[in-house]
1. State which residue is surrounded by the fewest Cβ atoms within 10 Å (Cβ to Cβ) when the search covers only the stretch 27-43 and only residues that are part of a helix (DSSP H, G or I) and charged (D, E, K, R).
2. Working only within the stretch 155-174, note down all residues that are more than 18 Å from ALA211 (Cβ to Cβ) and within 25 Å of the chain's Cα centre (by Cα).
3. Which residues, taken from the stretch 128-185, are over 30 Å from GLN39 (Cα atoms) and among the acidic types (Asp, Glu)?
4. For residues that are of a type outside the set (Asp, Glu) and more than 20 Å from TYR256 (Cβ to Cβ), scanning just the stretch 290-311, find the one that is nearest to the chain's Cα centre (by Cα).
5. Sort through ALA276, ALA287, ALA238 and tell me the only one that's under 19 Å from the mean Cα position of the chain (by Cα) and among the hydrophobic types (A, V, I, L, M, F, W, C).
6. How many residues, within the stretch 290-309, are at pLDDT 90 or above and either outside the structural domain of PRO266 (by TED's automatic domain parsing) or among the charged types (D, E, K, R) (or both)?
7. Within the stretch 248-266, restricting attention to residues that are part of a helix (DSSP H, G or I) and surrounded by 18 or more Cβ atoms within 10 Å (Cβ to Cβ), which residue is modelled with the highest pLDDT?
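The values are calculated or read from the model by the stated rules, or taken from the named source; none is laboratory data. This structure is a prediction, so every number in the text was calculated from the model and none was measured. Counting neighbours? That spans all protein chains shown, and the Cβs are built from the backbone with ideal geometry, glycine included.
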Amino acid sequence: MKGADSDEEGGSPREQTQEELEEQAALARIILTFRDYQQSAEWEVARWQSNYAQLPPHHKALIPHQPAKLAAARAAVNTNMFFIKSLLQAFDPDCASGPLPPHLMVPPALRGPDDGEDGCSARVNANDIDKVRYVLKNVVRDWSAEGAAERLLSYGRILAELQDGFKDWSNAHRPPRVLVPGAGLARLCVEIAALGYEAQGNEYSYFMLLAVMTAWPTEAAAMNNMIDHFGTGIYACALSEVLPSVAVHKLSKGGYLVLRPDSGDPTEAVLMALAAAEKVFGATRNAKGFKVIPGCGVIQGDGIDLPTMEKIANAIEAAGFAADNV
């Protein structure tokens, strides 16, 4: 997420679209809400303590454990805030405290009276604070030992139904596919995948996504991270306009990059991907005179039949590329 800045080093300036600006503003406010958790939670504990202090002695005697409960609540708030700071640092090291970096601020054009002049001090609302607490509850339910019993009562029943529904599945080459809408922190997706099924989880809430995945500020940053981790072996990514900006990084690793073009006409998609890869990485000639792209190939990810495969092979040959590229 960047404003009137180059997409990456050496790129040409590009203005953010209105949709991108609104997305950045929403993300900034969510980050600031997470950062406000401790203040909001401590205020809530202080309210409990104030209510307790106003009770007459004979009522306090009925709940002698309350002071210890208040102390435990404050300790829990501190622990939760440590977790939240770690979460934010994993997302972006500069967003856990202090001024937000420019690409995470509320854009000037979208700042309202509650956002602050610097775009880094938005006033949070109670509804958003509740969402942060909901994320924390989901962390406990989905990924802690304490949440195992609740997972068994909820996810366990879903998994049992899936196993019963697919007990007669006969396609040995493709497991059942399961969509998990509102996947939250992805525990159910993991459990479904552990059964041997293909699982896809959909989740649109940044509150949840900040706790479940690393979101990169740009597509090129995400690709460079992938190259850092897998660049010495075989790894794949979708064909993208940011490919030129990561080419040098990719070539320095020496691995093999597999490009998947967008869906569409299979023959045209493969030829387009080969042309894009050649433009970025160049090509050598094999013994038969066909072009070979070093360290890069193309995969046709959509289902195709034998006649289509033959059509693709003929088109590759006519374009002067070796079949080894695909």
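1. GLU42
2. Within the stretch 155-174, ILE158, LEU159 qualify.
3. Across the stretch 128-185, the qualifying residues are GLU161, ASP164, ASP168.
4. Within the stretch 290-311, the match that is nearest to the chain's Cα centre (by Cα) is GLY303.
5. The unique qualifying residue is ALA238.
6. The qualifying residues number 1.
7. Ranking the qualifying residues of the stretch 248-266, first place goes to PRO266.
Conditions tested, residue by residue: (1) without any contact (Cβ under 8 Å) to a residue 24 or more places away in the chain; (2) over 18 Å from TYR134 (Cα atoms); (3) among the hydrophobic types (A, V, I, L, M, F, W, C).
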site	(1), (2), (3)
ALA73	no, no, yes
VAL77	no, no, yes
ASN80	no, no, no
ILE84	no, no, yes
LEU87	no, no, yes
ASP92	no, yes, no
ALA96	no, yes, yes
PRO102	no, yes, no
VAL106	no, yes, yes
